[in-house]
Amino acid sequence: MASPTVGPMGIFGGTFDPIHYGHLRTAFELLQALELAEMRFMPAGHPPHREVTVAENPQRLEMVSVAIAGQPEFTVDDREMRKAGPSFTVETLAELRHEFPRRALCLVVGMDAFLGLPKWHRWHELLELAHLVVAHRPGWRAPTTGALGEMLEEHGTDRVRELHDSAAGRIYIHAVTQLEISSTEVRNLIHAGRDPRYLMPDRVCRIIHDTGCYARKD
Ligand code: ATP
Ligand code: MG
């Protein structure tokens, strides 16, 4: 059983390249709806010699840090960035489970990410380590057939309480206000010389402007 005194921790992974209001609004609505004690942003590492992210680790970490400042339940954990090799979610969750043996852990994924779950490393183990919280994204529906449909049938719940009363093992699907923003579109817009203002906090725009991390390289 989870400790009754400490509420669940949400874990929000992503490349955050850059972080935008789609991420922040989703995190905030889940924080409130699920009564989480903490929402931990977990930026994925940029593996050396591989073009997985555009901005480097320090810039992405800084953008997340300034974006979440002022919301005490929002925290950032850079453990995946500090790892040399690829970081698999299942390994990150195993580390967190080791650090927080009884705490309810809620891994947040968008519906698009959830649909790709069967491709994740050791995906069958994820629910032993954490709950899964699936945020609806525009245009996506929950599967009813196949491996994911079966998993939802077995582990799905619509009761927030169950995320508090056990440490792992449930899947909760939650509709969030749908903001059609993606990091890819934000980068394209900047690349085209346009201003990303109001798609993300001003302080994030400032970092993008000052570092030129998405500027055209030619
Ligand atoms: P990209 O365009 O590079 O894929 P992205 O905007 O999807 O970037 P990610 O860092 O890949 O951002 O996303 C991290 C997590 O946030 C994922 O689980 C993704 O599904 C979710 N997410 C991204 N954008 C939104 C949005 N606008 N609303 C809700 N969730 C989002
Ligand atoms: Mg994405």
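Quick notes on this structure:
- Identity of the residue in the stretch 22-43, near ligand 1 (Cβ under 8 Å from one of its atoms) and farther than 22 Å from residue 126 by Cβ, that ends up surrounded by the most Cβ atoms within 10 Å (Cβ to Cβ): 22
- Of the strands (runs of 3 or more DSSP E) entirely within the stretch 7-84, those holding at least 3 residues that are in contact with a Lys or Arg (Cβ under 9 Å, 6 or more places away or on another chain) occupy 9-14, 74-76.
- Filter pass, residue 107 being hydrophobic (A, V, I, L, M, F, W, C), assigned to a loop (DSSP other than H, G, I, E, B) and in contact (Cβ under 8 Å) with a residue 60 or more places away in the chain: no
- Residue 107 being crowded, with 19+ Cβ neighbours inside 10 Å and out of contact with any Phe, Trp or Tyr (no Cβ under 7 Å at 6 or more places or on another chain): yes
- Residue that is farthest from the chain's Cα centre (by Cα), among those in the stretch 85-95 that are part of a helix (DSSP H, G or I) and hydroxyl-bearing (Ser, Thr, Tyr): 92
Since every read-out is calculated from the coordinates, none of them should be taken as a lab result. It should be emphasised that the depicted structure is a prediction, and the values quoted were computed from it without experimental measurement. In this analysis, Cβ positions are derived from the backbone assuming ideal geometry, glycine residues included, and neighbour counts consider all displayed protein chains.
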